[in-house]
Amino acid sequence: MPRFIALTFIVFLISPVAFAQEGEDAIDVDFGSSRIGGPGATSRERAVMRAMEQEDEYVTEETLPPVGHKKRLPGLHVLAARSAGGKDWEAACLKYDQIQEEGGEEAMEMHPEAKKNAWRSYLACAERLVVQESFEKAERLIKTSEKFGASDHRHAALRRKMMQAEYKKALTAGDINKSLELFDRYQSAQEDEDERIWMGAEIARRALEADAAGDKKLRDQLIVHGNRVAPMNTDLRTLKESIDFQANIGKNLALLIGGGLVFVFGFVRIAKWRARRRVEAAVGGKLGKKNKFIDDE
């Protein structure tokens, strides 16, 4: 019985405090309590205080301290690392941008994994922009990634992919000179036989189209480029042979006609000489240089 009375007394003492702390907007005795003369704390203020006092897993966008607070940048680092770990690269890039905007580049030293995560995140964001053909933005992110870590084959591969897309785009637009300039730069970095064959086929196809359209200037220009890029392309060689034949057909025809005339003239001369010999044999003597009968014959 005395134990029951004691427990009842303890519950009676602590129940007002428990009820006072229930609900989202309840007054916090430890932070701005109205019972000690303060204005009272809102639920957001209490959440911020808890986030600053507890472990990283409790940091969220809602509990992030305001700009200028000493816990602000550490909180941003927590969110950035969490996004990078979950491969939410776009969110991670935004957070690392925010960290640098609010704290400068030195703020990246505050978290041990920040630079490594930023290196991966910016590279992944650049990959997405390359797919979208936003090449200028992608190049900026590639450079930002390289700022936080070594440049490796992944950065080089992205740049080659952009260069490849750019020279194909220029070729589609009809700017053959720009396309070949980018193509040469692409090949000088690392030779790509498949792309060389592809470019040669494209040049030959366009040269055939120009020839069919009667645009000899463009055709000849494309042939020059084709000879440099892929001289053994079958279509290109066929086109050059056709052009050579057409260029020589007049000369060949003149030679044929000239040869025919020479042959006819020679045949006539021989025929006259044989006729004269027959007549001379019949009359038993030589004829004069001119003989009407023989000449007519």
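Bear in mind these aren't lab numbers, they're just calculated from the coordinates by the rules spelled out. Predicted, not measured: the structure shown is a model, and the values here were computed from it. Heads up, the Cβs are rebuilt from the backbone with ideal geometry, glycines too, and the neighbour counts pull from every protein chain shown.
Calculated translational diffusion coefficient of the range 116-234 (4 °C, 1.567 mPa s; Stokes-Einstein with Kirkwood radius over alpha-carbon pairs) equals 82 µm²/s. A Förster radius of 45 Å combined with the Cβ-Cβ distance from E102 to D244 puts the calculated FRET efficiency at roughly 0.05. Sum up the charges of everything whose Cβ sits under 12 Å from the Cβ of M110, counting Lys and Arg as +1 and Asp and Glu as -1, but leave M110 out. Computed value for this residue: -1. For the pair A212 and I270, label points projected 7 Å from Cα toward Cβ lie 4.9 nm apart.
Would you mind counting up the charge near R205? Only other residues with Cβ under 13 Å from its Cβ, with Lys and Arg at +1 and Asp and Glu at -1. My count for the surroundings of R205 gives -2.
What the phi angles of the range 69-83 give under the Karplus curve with 6.51, -1.76 and 1.60, with θ = phi - 60°, is a coupling list of 6, 5, 8, 5, 5, x, x, 4, 5, 4, 5, 5, 5, 5, 5 Hz, glycine and proline written as x.
Between K116 and D220, the simple spin-label model (points 7 angstrom out along Cα→Cβ) gives 6.3 nm.
Placing dummy labels 7 Å off each Cα toward the beta-carbon, the span from R205 to E61 is 4.6 nm.
Sort largest first and round to whole Å: the equivalent ellipsoid semi-axes of the range 42-150, each the square root of five times a Cα gyration tensor eigenvalue. It would help to have the intermediate numbers written out before the result.
Numbers: eigenvalues 157, 37, 26 Å².
Largest first, the range 42-150 gives 28, 14, 11 Å.
Length gained on full extension, V131 to D192, computed as 0.36 nm times the residue gap minus the Cα-Cα distance: 19.9 nm.
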